[in-house]
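Report on the structure given below.
The values are calculated or read from the model by the stated rules, or taken from the named source; none is laboratory data. Keep in mind that this is a model prediction, so the values were computed, not measured. To get the accessible areas, we keep the full protein, side chains included, count just its heavy atoms, and leave off ligands, DNA and RNA. Shrake-Rupley method; radii C 1.70, N 1.55, O 1.52, S 1.80 Å.
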Amino acid sequence: MNIERKAHSIKQVKEHLGGVSQAFIYALIKQKQLKTFKIGGRRLVSDEALTEFIRNQENIQEESEIEQVA
């Protein structure tokens, strides 16, 4: 039985984002750029929140590139 993961630990999020530091992840959370939730003492990031964060970063990158060309 293969259960698809719907939520990720901070360590897993670090890996998904190319190995950025834990401090960087917590800074994103504090700045409300990355949404999280807690179950017991664990802070988790949903698939949807991680995908939304990545899309937002892509959009920022694209806007920056357009401004540089203009």
_Explain nothing, just compute: Karplus ³J(HN,Hα) = 6.51 cos²θ - 1.76 cosθ + 1.60, θ = phi - 60°, for every residue of the range 27-38 in order, whole Hz, x for Gly and Pro._
5, 4, 5, 4, 7, 6, 8, 10, 7, 9, 8, 10
*What part of the accessible area of the chain, given as a whole %, is carbon or sulfur when the probe is 1.4 angstrom?*
50 percent
*How large is Rg/Rh for the chain, to two decimals, with Cα atoms and a Kirkwood Rh?*
1.07
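Leaving out ligands and nucleic acids, note down the accessible area per residue over the chain with a 1.4 angstrom probe, in whole Å².
80 Å²
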*For Leu34, which sequence-distant residues (separation of 5 or more, or a different chain) have an amide H within less than 5 Å of its own amide H, given hydrogens modelled in the peptide plane?*
Ile29
